[in-house]
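Step one of this worksheet: look at the structure below.
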Amino acid sequence: MNMMDVPRKNLRVGVTPFENELLCNAKKLFLISKASSPHTQNWDYHSSPQQELSANADRLLKTILAKGTVEFLVKASEGWHESFLQHGQEKSGRLWERHPLAERTLHFSHNTLRLLIWWTSTDPKIAQAMREPPVDVKSLTPADEFVVWRIADCVQTAHSHRSESFKKLCSFRAFHSNPWIWLSMPHMLRTEISKHSLSQLDDMPWYAKANLVDSPSFARCFQGLRSVFLEALQNHLFQRLVKDFPLNTEDVEELVQRNVATYLIYRQFLLDAEQAGRPDLALFLLRAVARLTPAFTQLQDRRQNNVKIDEQIGRLRTVQERMKARQALIAPLTLINILHRWTLHYRNIGYWDEDYRIAQWWLRQWEEHRGDELVGRVHVSRANLTCSTPLAESDRTSECE
């Protein structure tokens with residue numbers, strides 16, 4: 001029987017009621033989140049916390065954490081034989097074949113135990129009673145960060161990203177600085193967008209010069225065990241982005257905020273990937289754009305699916321507001337322009353250049369996903385949005401001339 005499927009009543013080892021709740025919560029962290037899953041709907045809460053675990057509970061927790069993390073990553077990847085870059089060289093095979101044991105050893109520090117004790121004794125239904133978890137953010141290991149992410153994902157699955165519990169949780173330092181939360185649910189986070197001028201990174205509309213007031217850093221995701229996690233999570237991140245691409249909200253203000261925040265977060269990720277020389281770890285974004293672009297084009301063709309959004313955009317007070325809202329509809333897909341810039345750079349790298357193998361790896365992926373065609377389709381869709389979205393009648397002519 002799968003370790004993660006062992007029902008609660010089968011935990012016969014002598015543990016206290018609080019320890020039993022904590023162990024059940026730990027197992028739930030490693031279930032692939034599904035909104036309809038009964039496993040993630042209820043978090044076991046116990047009002048009388050322990051500060052330390054018994055020897056039996058400690059042993060069980062270590063087993064759950066170690067096996068659960070590996071099992072989650074294997075299920076999330078949905079693939080066995082993959083190709084990635086290491087030190088500028090392509091390396092293929094299963095994850096444990098690509099990385100020696102020393103590179104993929106998990107270390108859960110005392111912070112993980114503190115997190116689980118804190119969360120098992122926290123009632124997620126009472127957001128105002130939630131307090132900062134007693135962890136040292138600076139000493140979090142990659143494995144600790146993984147647990148932080150899984151807690152946040154379970155909360156948003158059970159209570160919605162709009163819940164006060166999730167918003168309060170993400171305001172805590174350990175969660176707000178977590179790179180996996182930013183990567184897996186960018187549009188769910190409460191973000192503030194500034195409009196300070198930036199250097200022009202690509203041929204983009206207004207949001208290319210915007211930035212997040214509290215911009216995350218993903219530089220550490222391309223180093224050590226975190227880069228191993230990122231390899232394993234490629235398919236998971238792809239599936240999340242395809243599933244969550246925010247086109248279906250009827251609130252135009254929320255749509256603009258979510259789409260632009262998604263663009264800005266992933267733009268920062270791409271800049272950090274470029275700096276690290278790891279374009280392979282951004283492949284999930286190329287795959288997502290390749291999947292979403294045809295769907296977006298079809299959505300534009302079926303105008304009836306967007307009637308409510310069109311009407312709300314038409315009610316905005318100024319021409320500028322309507323223009324910005326229309327541009328934001330396609331914001332995440334325009335990340336293809338940054339990937340295209342990479343491609344142009346790699347096409348100029350010769351056989352004797354240091355990054356030749358990196359360039360060849362990326363160019364194969366670009367051709368496989370028909371990147372040049374995607375650039376053209378996104379460009380056409382963005383141009384169509386400029387003039388095709390319904391406006392206030394008095395502005396229709398002036399904006400499209």
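FYI, it's all coordinate maths here, none of it is from the lab. The structure presented is a predicted model; accordingly, all values stated were derived computationally and were not measured. Quick reminder, even Gly has a Cβ in these numbers, built from the backbone with ideal geometry, and neighbours come from all protein chains shown.
The order of the peptides 363-375, 166-178 by mean Cβ neighbours within 10 Å, most packed first, is 166-178, 363-375.
Loop-located trypsin sites (Lys or Arg not before Pro) in region 121-165 (DSSP state other than H, G, I, E, B) with a sparse environment of at most 14 neighbouring Cβ atoms within 10 Å: Lys125, Arg131, Arg162.
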